[in-house]
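Written out below as structure tokens is the structure these notes cover.
Just so it is clear, none of the values below were taken in a lab; they were calculated from the coordinates. Computed from a prediction, not measured in an experiment: that's the story for all the values here. Note that each Cβ is placed from the backbone with ideal geometry, even for glycine, and that neighbours are counted across all protein chains shown.
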Amino acid sequence: MMMEGGDRFKKAFVIGWPISHSLSPILHGYWLSKMNLSGIYEAVPVAPGEISNFFNSAIEKGYVGGNVTIPHKEGVFAIVDEKDEVSKAIGAVNTVWFEDNRLMATNTDATGFISNLDDCAPKWRSGTTALILGAGGASRAVICGILAAGYQTAHIINRTEERAKELVDRFGEKCFAHTWDAFELLAPDADLLVNTTSIGMTGNAETSLPSLDKLPKHCIVSDIVYTPLKTKLLTEAWKRDLQTVDGIGMLLHQAAPGFEKWFGVLPKVDKGLREHVLAAMEQKGNSK
Ligand code: ATR
């Protein structure tokens, strides 16, 4: 299918398992229609063990690239032809594209997280010390981003200390591993607190968070969980007059570089997009 001006019709995907919950088709669809571009972005369920099969026929099916989400971020990292330094640092990829039949990859989660903070709480850059809750894949992206932005100290707090220690080994001397009982002691030094765990996510509400009373007044509190949008952590921070940054912005910002790769235009993350995605979330019934 050709469009006015001769632009080629382009197809991009998001693969995951399950994938029906993904908001990515909604946000990329918004940009495609807003800019009147010739293309489609679609959710494709790919079962564990089916990644190679999917990529073997992806070019044939007309795909120029796409996003990779849970549980495939590490699996695709292992099979791509070329990956950049950021994805190597994180050990996972979320964005791929084809170049001369080669599968190329990057990870935009770190820049997505940073861009969202720049957008919503630019003062975060005057800080030096972050407390990061969790030591999974999302935590690796956040740590990678804040260290690249010049933070001097990242305290990684995790239920399983061993996983936090693995991140110290990965990211080096600016990182320190702790278990949850260290939270109150570390809190007074925090310029930025980020939750990367699934605590607070719908369905995982039973786990309690430590008190935020010891955080300094200037501490910015961010949650990468966006279902619900107002997590318990953000609500507790808000009650204490701390500046909060919710998780939906990271989702929007991580999407922009991929869109540019596949469709050739860097899209804007603006209020209209945010409202569109939030309305879709509400419709899907997962905004609470
Ligand atoms: P992701 O890639 O999305 O970060 P993950 O690798 O499964 O997901 O990591 C989930 C994180 O949430 C981990 O830090 C996990 O702690 P453990 O390493 O101890 O498992 C944390 N997490 C999940 N549920 C939790 C809970 N109920 N209490 C405390 N931490 C929890």
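For the chain, adding -39500 (n - 2.57) for each run of n ≥ 4 DSSP H residues and dividing by the number of residues yields -11000 deg cm²/dmol at 222 nm. The charge dipole of region 37-95, taken about the Cα centre with unit charges on the Cβ atoms of Lys, Arg (+1) and Asp, Glu (-1), comes to about 100 debye, rounded to the nearest 20. Put a plus charge on the Cβ of each Lys and Arg, a minus charge on the Cβ of each Asp and Glu, and nothing anywhere else: the dipole of the chain about its Cα centre is then about 460 debye. Here the relative contact order of the chain, from alpha carbon pairs under 8 Å that lie six or more residues apart, stands at 16 percent.
Listed by chain and number, the lysines placed with their C-alpha closer than 22 angstrom to that of Lys88 are Lys73, Lys165, Lys174, Lys261; residues fewer than eight positions away on the same chain are left out. Grab every C-alpha pair in region 42-188, bin the distances at 5 angstrom width from 0 up to the longest one, and report whole percents. Pair shares across the bins are 2, 9, 18, 18, 17, 13, 10, 8, 4, 1, 0, 0. For region 113-251, taking the reciprocal of the average inverse distance between every pair of different Cα atoms yields a Kirkwood hydrodynamic radius of 14.6 Å. So what is the orientation-averaged projected area of region 1-107, using the convex hull of its C-alpha atoms, in nm²? Projected over every direction and averaged, the Cα hull of region 1-107 covers 7.0 nm².
Can you tally the net charge around Asp213? Count Lys and Arg as +1, Asp and Glu as -1, for every other residue whose Cβ sits under 10 Å from the Cβ of Asp213. Can you show the working numbers first?
On the way: positive: Lys214, Arg240; negative: Glu184, Glu236.
Within the 10 Å Cβ shell, the charges total 0.
Each DSSP beta bridge with both residues in the chain is either parallel or antiparallel, and the antiparallel ones are about 20%. Taking the centroid of alpha carbons for each part, region 250-288 and region 7-45 are 11 Å apart. Dimensions of region 94-153 based on its C-alpha atoms, expressed as ranges along the principal axes with the largest first, amount to 43, 25, 17 Å. At q = 0.14 Å⁻¹, what base-10 log of I(q)/I(0) does the Debye formula yield for the chain when every alpha carbon is treated as an equal point scatterer in vacuo? Values, matching the q order: -1.03.
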